[in-house]
Amino acid sequence: MLDHYRMFADYNRWANRRVYAAVSELSDSEYREDKGAFFGSLHGTLNHILVADRIWMKRFTKEGEAPSRLDAILHEDLNGLTAARVAEDERIIAWIDSLDEERLAGALHLFSAHQSGRGHGTARTDARSLLQPSDPSSWPGACDLDRA
């Protein structure tokens with residue numbers, strides 16, 4: 001199982017490098033243009049992805065920053081955001097590498113995604129039902145998903 005998580009962490013880093021390389025080819029106005037996505041622009045979306053990774057890593061490791069808002073802008077400029085993304089990807093990989101099979105089994109508990117209809121045929125997934133530390137009472141209180 002641990003090899004799968006290592007693969008996922010490596011893939012995450014690889015995919016992020018490709019996304020950020022493509023985004024770096026855009027003009028600043030293209031990068032910040034509201035595309036009608038949930039977080040507006042690519043700038044808002046990339047910040048959101050970093051926010052989400054930090055929230056989960058805070059829960060898993062009890063270390064680091066966990067923003068209280070899913071739409072937080074952590075970095076206004078692409079260079080700063082890119083550097084933070086690289087650092088977070090390395091943090092994720094280092095955490096996975098610090099685990100052994102026994103610690104992994106004790107640290108994580110997988111749940112089936114809870115799907116419920118919402119609106120016109122769309123579904124909502126409760127993020128808490130996907131992947132949680134085995135003891136939710138031990139979660140740091142830095143971010144409450146119900147408020148976020």
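The values are calculated or read from the model by the stated rules, or taken from the named source; none is laboratory data. Because the structure is predicted, anything quoted here is derived from the model rather than measured. Every residue, glycine among them, receives a Cβ derived from its backbone with ideal geometry; neighbour counts consider all protein chains shown.
Here is the figure for segment 17-33: residues that are closer than 18 Å to E76 by Cβ and loosely packed, with under 11 Cβ neighbours inside 10 Å total 3. Per the conditions (1) at pLDDT below 65; (2) touching a Cys at 6+ places or on another chain (Cβ under 9 Å), the sole criterion not satisfied by A66 is (1).
Screening segment 50-85 for residues that are touching a residue at least 60 places away in the same chain (Cβ under 8 Å) and β-branched (V, I, T) and picking the one that is nearest to V23 (Cα to Cα) gives T82. Checked against (1) under 28 Å from R6 (Cα atoms); (2) at pLDDT below 95, A83 meets all criteria but (2).
Here N12 meets each of (1) surrounded by 14 or more Cβ atoms within 10 Å (Cβ to Cβ); (2) touching a residue at least 40 places away in the same chain (Cβ under 8 Å); (3) more than 16 Å from the chain's Cα centre (by Cα) with one exception, condition (3).
Scan segment 18-39 for residues that are in a helix (DSSP H, G or I), farther than 20 Å from A94 by Cβ and in contact with a Leu (Cβ under 9 Å, 6 or more places away or on another chain) and jot them down. Show your work before the answer.
Filtering segment 18-39 down to residues in a helix (DSSP H, G or I) leaves 18-23, 28-32.
Next, from what is left, pick out any that are farther than 20 Å from A94 by Cβ: 18-19, 21-23, 28-32.
Correct list: V19, V23, D28, E30, Y31, R32.
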